[in-house]
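The values are calculated or read from the model by the stated rules, or taken from the named source; none is laboratory data. Quick caveat, the model's predicted, so the values are computed rather than measured. Virtual Cβ from ideal backbone geometry, glycine too; neighbours counted across all protein chains shown.
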Amino acid sequence: MTHPVPEAMSPGPLKRVLVVSYSQTGQLAAIVERILAPLRADARIAVHVETLRPEPAFPFPWSFFRFFDAFPESAHLVPPALAPLTLTGEEDFDLVILPYQVWFLAPCQPITAFLKHPVAACLIKGKPVITVIGCRNMWMLAHEKMRGLLTALQARLLDNVVLTDQTPTLASLVTTPLWLFTGKRQALACLPVAGISELEIKRCIRFGRALLDALLAGRECNDQPLLPGLQAVVANPRLLVSEKAGTRSFYLWGKLLRWAGPPGATLRQPLLVLYVLFLIAIILSVVPISLVVQTLLRPFLAKRLDKLKQQFEQPSGSGIDRLSQYDF
Ligand SMILES: Cc1cc2nc3c(=O)[nH]c(=O)nc-3n(C[C@H](O)[C@H](O)[C@H](O)COP(=O)(O)O)c2cc1C
């Protein structure tokens, strides 16, 4: 006959997981909660959620000027101030989950602020990290920047999970800004609902189930991905031409805007109007033209695109061989 272990003698958690949290509409928070559900349900895992609070807070919904005024600092990875963290940097975690949104083809400002915070440098050094992206659909170059930030911190990036809006690129170019400016996912009945589908968010529980198994087996100590075979990321390298053009323009115009003053400076406003006109011209020309040209050149580009797809899907990959085990 077995006796229940008295509470005072029960062993503490076996594994400690740090999760950084920031979400304006609640979309990324919902994705993260689905991933965390299996970990939270197991007494052997302790989850600490560190919520980032930029000071001053970024607005939601956004006004037109506040929105575009955020691009220079986003593109140049300039960190905003954060309210004091609850952690000191002396805590020891077995795994760090870093969810982030993409803002202007770069990691969003609050996560950049965290990664440039001295406390994060202590927490993350040498630790296994899993990034989770929830964005419209352009994340590849933001992730290159994220890799750079993590390398500077000597983190070990084990996995990258990416969730995107599945409506066609040209449709979400309209629905996403409408959502961000009005706060409504479906601002007009004739347009698709903006954001990542509820089903895809629900299915994120598969990552939590796989993580639980991996943590209990101690696999986070190795350098192999913990989430292969779960279709963690499906890259679309056809968007890379637009991402490169956008990143270049955000960087160069961002320099000019930053020269004109800090966020909110009066001199930035006329420059922002000019930039937005330029951006609309780029979006209406570069995005459709590059997609059409790539469609025409598909037979010649196939090998190159395939190589890029594999490269951007590292380390977790788009394989599906473990879905039957974890996606039920
Ligand atoms: C200022 C800003 C810029 C954005 N830029 C991009 C972008 O370049 N690429 C992209 O795919 N999504 C972009 N998005 C969409 C976000 O990545 C994200 O999907 C959306 O803001 C909802 O996130 P949240 O509610 O979890 O914070 C942007 C959103 C904001 C607020």
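Cβ-Cβ distance below 8 Å, separation of 6 or more or different chains: which pairs start in the range 12-23 with a residue that is more than 13 Å from Ile111 (Cβ to Cβ) and part of a strand (DSSP E or B) and end on one that is of a type in the set (Gly, Ala, Ser) and away from the ligand (no atom under 16 Å from the Cβ)?
Lys15/Ala46; Arg16/Ala46; Val17/Ala46
Does Thr175 qualify as being touching a Ser or Thr at 6+ places or on another chain (Cβ under 8 Å), at pLDDT 95 or above and of a type in the set (Ser, Thr, Tyr)?
Values: touching a Ser or Thr at 6+ places or on another chain (Cβ under 8 Å): yes; at pLDDT 95 or above: yes; of a type in the set (Ser, Thr, Tyr): yes.
Considered against the rule, which asks whether it is touching a Ser or Thr at 6+ places or on another chain (Cβ under 8 Å), at pLDDT 95 or above and of a type in the set (Ser, Thr, Tyr), Thr175 comes out as yes.
Taking the residues in the range 99-124 that are in contact with a strand residue (DSSP E or B) (Cβ under 7 Å, 6 or more places away or on another chain) and not hydrophobic (A, V, I, L, M, F, W, C) as candidates, determine which candidate is farthest from Leu141 (Cα to Cα).
The extreme case among them is His117.
Out of the range 186-197, which residues are without any contact (Cβ under 8 Å) to a residue 60 or more places away in the chain and within 14 Å of the ligand (Cβ to nearest atom)?
Scanning the range 186-197 gives Val193, Ala194, Ser197.
Residue by residue through the range 77-93, note down the ones that are within 16 Å of the ligand (Cβ to nearest atom), in a loop (DSSP other than H, G, I, E, B) and in contact with a strand residue (DSSP E or B) (Cβ under 8 Å, 6 or more places away or on another chain).
Within the range 77-93, Leu77, Pro80 meet the criteria.
Restricting to the range 271-328, name every residue that is surrounded by 12 or more Cβ atoms within 10 Å (Cβ to Cβ), modelled with pLDDT of 95 or more and of a type in the set (Gly, Ala, Ser).
Matches in the range 271-328: Ser316, Gly317, Ser318, Gly319.
Count, please, the residues in the range 205-263 that happen to be assigned to a helix (DSSP H, G or I) and under 30 Å from Pro56 (Cα atoms). Lay out the reasoning, then the answer.
Filtering the range 205-263 down to residues assigned to a helix (DSSP H, G or I) leaves 205-216, 219-221, 237-260.
Restricting the remaining residues to those that are under 30 Å from Pro56 (Cα atoms) gives 243, 246-260.
Total satisfying the criteria: 16.
For Arg238, all conditions in the list (1) modelled with pLDDT of 95 or more; (2) over 18 Å from the mean Cα position of the chain (by Cα); (3) within 15 Å of the ligand (Cβ to nearest atom); (4) charged (D, E, K, R) hold save one; what is the number of the exception?
(1)
Per-residue answers, yes or no, for (1) part of a strand (DSSP E or B); (2) within 16 Å of the ligand (Cβ to nearest atom); (3) aliphatic (A, V, I, L, M); (4) at pLDDT below 95:
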{"position": "Val5", "(1), (2), (3), (4)": "no, no, yes, yes"}
{"position": "Ala8", "(1), (2), (3), (4)": "no, no, yes, yes"}
{"position": "Ala29", "(1), (2), (3), (4)": "no, yes, yes, no"}
{"position": "Glu33", "(1), (2), (3), (4)": "no, yes, no, no"}
{"position": "Ala37", "(1), (2), (3), (4)": "no, no, yes, no"}
{"position": "Ala43", "(1), (2), (3), (4)": "no, no, yes, no"}
{"position": "His48", "(1), (2), (3), (4)": "yes, no, no, no"}
{"position": "Trp62", "(1), (2), (3), (4)": "no, yes, no, no"}
{"position": "Arg66", "(1), (2), (3), (4)": "no, yes, no, no"}
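Among the residues of the range 95-148, write down those that are part of a helix (DSSP H, G or I) and over 24 Å from Leu180 (Cα atoms).
Result: Leu115, Pro118, Val119, Ala120, Ala121, Cys122, Leu123, Ile124, Glu144, Arg147, Gly148.
Restricting the search to the range 88-98, which residues are surrounded by fewer than 22 Cβ atoms within 10 Å (Cβ to Cβ) and either under 14 Å from the mean Cα position of the chain (by Cα) or of a type in the set (Phe, Trp, Tyr) (or both)?
Keep residues of the range 88-98 that are surrounded by fewer than 22 Cβ atoms within 10 Å (Cβ to Cβ), which gives 88-94.
Selection gives Phe93 alone.
Any chance the range 181-199 includes a residue that's in contact with a strand residue (DSSP E or B) (Cβ under 8 Å, 6 or more places away or on another chain), under 30 Å from Arg156 (Cα atoms) and surrounded by 13 or more Cβ atoms within 10 Å (Cβ to Cβ)?
Pass one, the range 181-199, residues in contact with a strand residue (DSSP E or B) (Cβ under 8 Å, 6 or more places away or on another chain): 196.
When the remaining residues are screened for being under 30 Å from Arg156 (Cα atoms), the result is 196.
Add one more test, that the residue is surrounded by 13 or more Cβ atoms within 10 Å (Cβ to Cβ), and what stays is 196.
Checking the range 181-199: at least one residue is in contact with a strand residue (DSSP E or B) (Cβ under 8 Å, 6 or more places away or on another chain), under 30 Å from Arg156 (Cα atoms) and surrounded by 13 or more Cβ atoms within 10 Å (Cβ to Cβ).
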